[in-house]
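Notes for the one structure printed next.
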Amino acid sequence: MNQLHELTCTLGEINFEGHTFNCLPIKGSQQVLQVLVSELDELPIYVTITDTQMLCITYLCHKNEVRDDKRADLNTSMLEMNVAMPLSSFAIVEDYYVVFGALATTSSLNDICKELVTLAANAYDALEAIEEFLN
Amino acid sequence: MSSVFDKLWTALRGGVREIGDAVVDANGIRIFEQEIKDASDNIAIAKKSLTEVMARKMQAARKVEELTKSIQQNEGFAEKALAQNNETLALDVAGKIAEMENDRAEQAGIVARLDGQIEQLKAHIKKAEKLIADHERELALVRTTESVQKATEQVVENVAANNSALNSARESLERIKKRQEMKQDRLAAGDILAAELSDGGLDAKLEAAGIKGAKADASAVLARIKAGKSS
């Protein structure tokens, strides 16, 4: 609780590499913080903290939005892209294609900001890259 | 480890799972937690025994050392007794030495036995620690999966409550493109404006220098009219 709450307060006042962060806690039993990175705010980042790590997730699209005949291609492309993509990886969560980054819970504020900005930029690039696979 | 991966995989791919269903049943998690607790308890016990055994070993080792010193000392005595041709005294000393040597052998045996125990306890602790680390990693795997699922459900619900679905990728793309176009238009407009402004600036400079577009002023007009009249 405290960690995300603290993060909400701190992020609101930061300017990192020309970006600001707009935070909005999401209600529910699991702690989730929605973060909008300025200039890259079309795809919100959802931050959640578990016992062992801080996860930052952006939802790219639902499985249903992908052309049936292209799904296997998309999956392979994502796996092939995974290592090259800085700090982030592709994944599927609950039928959503996502780009995410995982941080140690002990990460510095600077690390977290870097992660958020990089993730938002990666998500933008990824969205453009998957356009050809969409319905 | 592989068993947890398998379980998660099966659970995630099954597709029959209802939203909110646990990936790995709570019972499974409890078994893991119990095993971690048992292993921790075992480590605590083993560590306590280890300190005791090590203390006993140090005691025995010290006795061996003391006896060795004593034996050396008494060997010196025996030599001196022999030098004085006091065979009886030398024999007495030799008897004492033999006793001490037996004693020392016994203590050395104890040291060796305790060393064995120490090794065993250390191996035991290592094994338990590895088990804990493995289980904790497995638990983290399960818990993270659940956290992420819960988070996703909340995000979907929250977005739905704000009367929209999680943005479709197409719509997001459209919006991003539109914004990029707008940004480019704005940049282009800015360029045009800047060009105009800088042209204006140039004109002003040219005018100031009297090179371009000198404005008509009354005295010049009057002069021209007068010149016309006279001609």
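In region A:1-8 there is at least one residue that is closer than 26 Å to B:His135 by Cα, away from chain B (no Cβ under 12 Å) and of a type in the set (A, V, I, L, M, F, W, C). Across region B:54-92, the qualifying residues are those that are at pLDDT 95 or above and β-branched (Val, Ile, Thr), and the one among them that is surrounded by the fewest Cβ atoms within 10 Å (Cβ to Cβ) is B:Thr68.
State yes or no: is A:Tyr97 crowded, with 21+ Cβ neighbours inside 10 Å, facing chain B (nearest Cβ under 7 Å) and free of Cβ contacts under 8 Å to residues at least 60 places away in the same chain? For A:Tyr97, the condition - crowded, with 21+ Cβ neighbours inside 10 Å, facing chain B (nearest Cβ under 7 Å) and free of Cβ contacts under 8 Å to residues at least 60 places away in the same chain - is not met. For the criterion of being in the same structural domain as B:Ala46 (by TED's automatic domain parsing), touching a helix residue (DSSP H, G or I) at 6+ places or on another chain (Cβ under 6 Å) and of a type in the set (Lys, Arg), B:Lys80 fails.
Counting only residues that are farther than 23 Å from B:Arg175 by Cα, within 8 Å of chain B (Cβ to nearest Cβ) and crowded, with 17+ Cβ neighbours inside 10 Å, region A:32-51 holds 3 of them. Counting residues in region A:56-69 that are away from chain B (no Cβ under 14 Å) and either in a loop (DSSP other than H, G, I, E, B) or surrounded by fewer than 18 Cβ atoms within 10 Å (Cβ to Cβ) (or both) gives one or more. With respect to the conditions (1) within 14 Å of chain A (Cβ to nearest Cβ); (2) under 30 Å from B:Ala78 (Cβ atoms), B:Val159 falls short on a single one, namely (2). Return yes or no: is A:Ser29 surrounded by fewer than 17 Cβ atoms within 10 Å (Cβ to Cβ) and within 15 Å of the chain's Cα centre (by Cα)? No, not satisfied. One residue is enough: does region A:70-84 have a residue meeting the conditions within 13 Å of chain B (Cβ to nearest Cβ), aliphatic (A, V, I, L, M) and either touching a residue at least 12 places away in the same chain (Cβ under 8 Å) or assigned to a loop (DSSP other than H, G, I, E, B) (or both)? Yes, there is a match, as at least one residue in region A:70-84 is within 13 Å of chain B (Cβ to nearest Cβ), aliphatic (A, V, I, L, M) and either touching a residue at least 12 places away in the same chain (Cβ under 8 Å) or assigned to a loop (DSSP other than H, G, I, E, B) (or both).
Listed conditions (1) farther than 23 Å from B:Arg137 by Cα; (2) more than 18 Å from the chain's Cα centre (by Cα); (3) in a loop (DSSP other than H, G, I, E, B); (4) not acidic (Asp, Glu) are all met by A:Thr106, apart from (1).
If you check B:Ala128 against the conditions, is it hydrophobic (A, V, I, L, M, F, W, C), exposed (fewer than 15 other Cβ atoms within 10 Å of the Cβ) and more than 12 Å from chain A (Cβ to nearest Cβ)? Here the answer is no, as B:Ala128 does not meet what is asked.
The values are calculated or read from the model by the stated rules, or taken from the named source; none is laboratory data. Values in this document were obtained by computation on a predicted structure and should not be read as measured data. Counting neighbours? That spans all protein chains shown, and the Cβs are built from the backbone with ideal geometry, glycine included.
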